[in-house]
Amino acid sequence: MNTGTEPLQPADDATLWQRLAPRIGAVHLRQRLGIEGEHEHHVFGGPGRTFFHPENWYSLHGMMRLALRATLLYRLGQRNALKIRVRHHTLALPELPAALDGMTLLQISDPHLDMHPELPAALATAVASLDYDLCVLTGDYRYRTFGPLDGVLSGMQTLRVALKGRVYGILGNHDSIRIVPACEDMGIQMLLNEHTAIEHRGATLHLAGIDDPHYFRTDNLQRSHHDLAPDQVSILLAHSPEIYRQAAHSGFSAMLCGHTHGGQICLPGGYGLYYNARCPRRLCHGPWQHQQMIGYTSSGAGSSIIDVRFNCPPEVVLHRLSRS
């Protein structure tokens, strides 16, 4: 496992086909590589939204920065974006085996590690002293939806050194599948429409992860839930809450996601002005429930578009599993 200072490189096609194709299938890999190559310069949004989407309209980014500087709020927003809070949340699962009661998962979502040079170290500091049983990363490690990957892999190494024990991750709509081999070489097991059984105190927790459902739409819930019995406790990692309805009816006990940044720039009280997810607003921030499945949408550890936050602090989340 490489978690040191030796730089890791994104994978070339030959490495991807050798390491991932037997595992995730040739069709999935072709889709990911094809879409990344065809639309790398576009924001990963829905049909007809690519040019006018805020993430793709780069002149708008500059205008927003100028406006914030004119009101003397820009530096304040930048400082807010580096004040990462630890949020505590209980995942209440009545069917949870007694041995898993109290098990704690650390969730880190949307760090966009190469956006601000101080963020990887700030995030590493925020999590270094936390107590948890395993860590899950729910996507969007790169700032832009295109471009170099060296910066994000360097940031991932800084973060990985600060994380304890087992770490699992999924890809978001900003991420390239080319980072998967490097992430796994540093000890982050990526779940690409896959699930794994985690043994804890003699009981089993099933953790599943799907590929990005927001833009790439290479998610496969059937494959990620394959062979799981209805009475088994299973937690789904999905980058965006948009897949909530399908996930609930697939039989997952809980779902952890991100993508929305909680609004990032909000009115007092945390009311988001804009959420970049095609789902009800109640699913875009914090805890929620749909049918029998409970969920949590993290407001994220990083920032998108511009590196500021207002009335919406960045967060990492400690999820404590509970039978009550």
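FYI, it's all coordinate maths here, none of it is from the lab. Note that this is a predicted model, so its numbers are computed, not measured. Quick reminder, even Gly has a Cβ in these numbers, built from the backbone with ideal geometry, and neighbours come from all protein chains shown.
Taking only C-alpha pairs under 8 Å that are 6+ residues apart, what is the relative contact order of the chain in percent?
Details: 738 pairs, mean separation 80.6, N = 324.
About 25 percent, as a whole number.
Given a Förster distance of 30 Å, report the FRET efficiency between residue 231 and residue 104 from their Cβ-Cβ distance, rounded to the nearest 0.05. It would help to have the intermediate numbers written out before the result.
On the way: r = 23 Å, r/R0 = 0.76.
Computed FRET efficiency for residue 231 and residue 104 comes out at 0.85.
Divide the volume of the convex hull of the Cα atoms of segment 223-266 by its number of residues and quote the answer in cubic angstrom per residue.
69
For segment 13-322, with only Lys/Arg (+1) and Asp/Glu (-1) charged at the beta-carbon, what is the dipole magnitude about the Cα centre, in debye rounded to 20? Could you put the intermediate results ahead of the total?
Working: 27 positive and 27 negative charges, 174 e Å.
For this selection, approximately 840 debye.
Could you work out the longest stretch of the chain that avoids the GluC sites (Glu not before Pro) located in DSSP loops with at most 16 other Cβ atoms within 10 Å?
119-324
For residue 166, enumerate residues with amide H under 5 Å from its amide H, sequence gap 5+ or separate chain, H modeled in the peptide plane.
Answer set, sorted by chain and number: 135.
Could you go through segment 239-246 in sequence order and give the Karplus-derived ³J(HN,Hα) for each residue, using 6.51 cos²θ - 1.76 cosθ + 1.60 with θ = phi - 60°, rounded to whole Hz, and x for Gly and Pro?
Working through the residues one at a time gives 5, 10, x, 4, 8, 4, 5, 5 Hz.
Expected output is a single nm value to one decimal: the length gained when fully extending between residue 88 and residue 323, i.e. 0.36 nm times separation in residues minus the C-alpha distance. What is it? Walk me through the numbers before you get to the answer.
Working: separation 235, 0.36 × 235 = 84.60 nm, distance 1.63 nm.
83.0 nm is the gain from fully extending residue 88 to residue 323.
Could you give the length gained by full extension between residue 158 and residue 245, i.e. 0.36 nm per residue of separation minus their alpha carbon distance, to one decimal place?
Values: separation 87, 0.36 × 87 = 31.32 nm, distance 3.55 nm.
Result: 27.8 nm gained on full extension.
Roughly what % antiparallel, to the nearest 5, for the DSSP beta bridges in the chain?
Values: 18 of 49 bridges.
So the antiparallel bridges in the chain amount to around 35 percent.
Restricting to DSSP H runs of at least four residues, report the calculated mean residue ellipticity at 222 nm for the chain, -39500 (n - 2.57) per run over all residues, nearest 500 deg cm²/dmol. Please report the intermediate quantities before stating the final value.
On the way: 10 runs with 86 residues, N = 324.
Calculated from helices alone, the mean residue ellipticity at 222 nm is -7500 deg cm²/dmol.
Would you please report the Å³ per residue occupied by the convex hull of the alpha carbon atoms in segment 140-187? Please list the in-between numbers first.
Working: hull volume 3.3 nm³, N = 48.
About 68 Å³ per residue, rounded to a whole number.
Please work out how much length the chain gains when fully extended from residue 201 to residue 38, using 0.36 nm per residue of separation minus the C-alpha to C-alpha distance, in nm with one decimal. Let's see the in-between values first.
On the way: separation 163, 0.36 × 163 = 58.68 nm, distance 4.67 nm.
Here the answer is 54.0 nm.
Give me the tail of P(r) for the chain as a percent: Cα-Cα pairs with distance above 34 Å. Before the final figure, lay out each step's value.
Working: 9057 of 52326 pairs.
Summing the P(r) of the chain above 34 Å gives 17 percent of all pairs.
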